[in-house]
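Structure first, commentary second.
The values are calculated or read from the model by the stated rules, or taken from the named source; none is laboratory data. Not measured: the values here are computed from a predicted model. Cβ placement follows ideal geometry from the backbone for every residue including glycine, while neighbour counts extend to all protein chains displayed. Each accessible area value is taken on the protein alone, full model and side chains, heavy atoms only, with ligands, DNA and RNA left out. Shrake-Rupley method; radii C 1.70, N 1.55, O 1.52, S 1.80 Å.
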Amino acid sequence: MVWVSLRTTRTDRRAPLRTPTTRCTTMSLEWLMDWSWSLDGLRDFIATGIQSFRDCDATALAAVACLLVLFVWYCYHVGREQPRTYATVNALMQSTEVNGVQNGYVYCHSPECVRCTHHDGLNQKLYHNLQEYAKRYSWSGMGRIHKGIREQGRYLNSRPSIQKPEVFFLPDLPTMPYFSRDAQKHDVELLERNFQTILCEFETLYKAFSNCSLPQGWKMNSTPSGEWFTFYLVNQGMCVPRNCRRCPRTYRLLGSLRTCIGNNVFGNACISVLSPGTVIAEHYGPTNIRIRCHLGLKTPSNCELVVGGEPQCWAEGRCLLFDDSFLHTAFHEGSPEDGPRVVFMVDLWHPNVAAAERQALDFIFAPGR
């Protein structure tokens, strides 16, 4: 159908301007500028549109209808097959309590937990989880994860003693004990800008130690000497709601981090306190897919972190990034007058783990899976 531009009287413009044809309606710019939006003109415009619809090819209409039906079916199918949801960091506090929380610390009770259980069938379980993920989504981008799961035993057994992740090793990631601040620049700068906010909430929490040896929400960790306390907001991918409510601004900050691990068992966020005279025994972290970030809150002298045999010191208001799958230890050799060493610790994604791999790893290592 073709609209013909007519420069005549007002009466002429009101006349029907239809030419029968099976093509879709087109309007010239000249006709648009010359159109008078009277009620009669609007009436003719609507009538013309109806006639144009009637003139359309029936086959084309049938094709559009079929596509619409297929789209509706696809939406229904995807919604019905959606995997169970795992709370993001921003949504974790919607739950009032988390099962298995004791004194603010999440204890795993599942004999099948891939983070806490070591057994011969671990690789089969991980491969089953990967297959389930690929069936629902795609195998695209899963090459390294598939390779890692298939040869996990060889990787873990053949790794040099300086780096031996206890649970999962993702191959072909750059290996180094410490990372530069630019590795996760956005999150590092965001944490450092909020240094005072986190410090203030810690100081409020720490006042409770004057009334009892281990206040509610704190966990005492085993050490060869001294005392090591942690206050978890997120522990192994699980939120500790009571603790988060006591540090609301710090908790909200986690939701602003772009690379915070919040949906799988390798993700943690906590305040870590070492009293003077404390030594943390050398140990390995569970995986190399993350880098651990320490924001210094209180950093007296004679405190050191040693990763892969390389010592580093914390600084107040500054972030220190390291790969905890390397053999590492920390100690505070200061005097009682120096006070505790305090850092805010949060696990971030290794910068070389791709977005598709992060999504798959969140699924494979979801809490309780």
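Pairs of Cα atoms under 8 Å, at least six residues apart: use those to get the relative contact order of segment 258-369, whole percent.
RCO, segment 258-369: 42 percent.
Give me the dipole magnitude in Debye, nearest 20, for segment 188-284 about the Cα centre, with unit charges on the beta carbon: positive for Lys and Arg, negative for Asp and Glu.
440 debye
Determine the principal axes of the Cα atoms in segment 195-328, then give the extent along each, sorted from largest to smallest and rounded to whole angstroms.
Per principal axis, max minus min of the Cα coordinates gives 38, 34, 26 Å.
For ARG318, which sequence-distant residues (separation of 5 or more, or a different chain) have an amide H within less than 5 Å of its own amide H, given hydrogens modelled in the peptide plane?
Answer set, sorted by chain and number: GLY296.
What translational D, rounded to a whole number of µm²/s, comes out for segment 152-254 from Stokes-Einstein when the hydrodynamic radius is the Kirkwood one over Cα pairs, at 10 °C and 1.306 mPa s?
Approximately 93 µm²/s, per Stokes-Einstein.
Relative contact order of segment 304-369, please, whole-number percent, based on alpha carbon pairs below 8 angstrom and at least 6 residues apart.
Computed value for segment 304-369: 26 percent relative contact order.
What list of ³J(HN,Hα) couplings, whole Hz, do you get for segment 152-163 from phi and the Karplus terms 6.51, -1.76, 1.60, once you set θ to phi - 60° and write x for glycine and proline?
4, x, 5, 4, 5, 7, 9, 5, x, 5, 6, 9
Could you work out the mean projected area of the convex hull around the alpha carbons of segment 254-369, in square nanometres to one decimal?
Quarter of the Cα hull surface area: 7.6 nm².
Quick one: Karplus J couplings for segment 238-255, per residue in order, coefficients 6.51, -1.76, 1.60, θ = phi - 60°, nearest Hz, x for Gly and Pro?
Along segment 238-255, the couplings run 10, 6, 10, x, 4, 5, 5, 5, 8, 10, x, 6, 5, 5, 4, 4, 4, x Hz.
In square angstrom, rounded to the nearest 10, how much accessible surface does LEU305 have for a 1.4 Å probe?
LEU305 exposes around 0 Å² with every protein chain in place.
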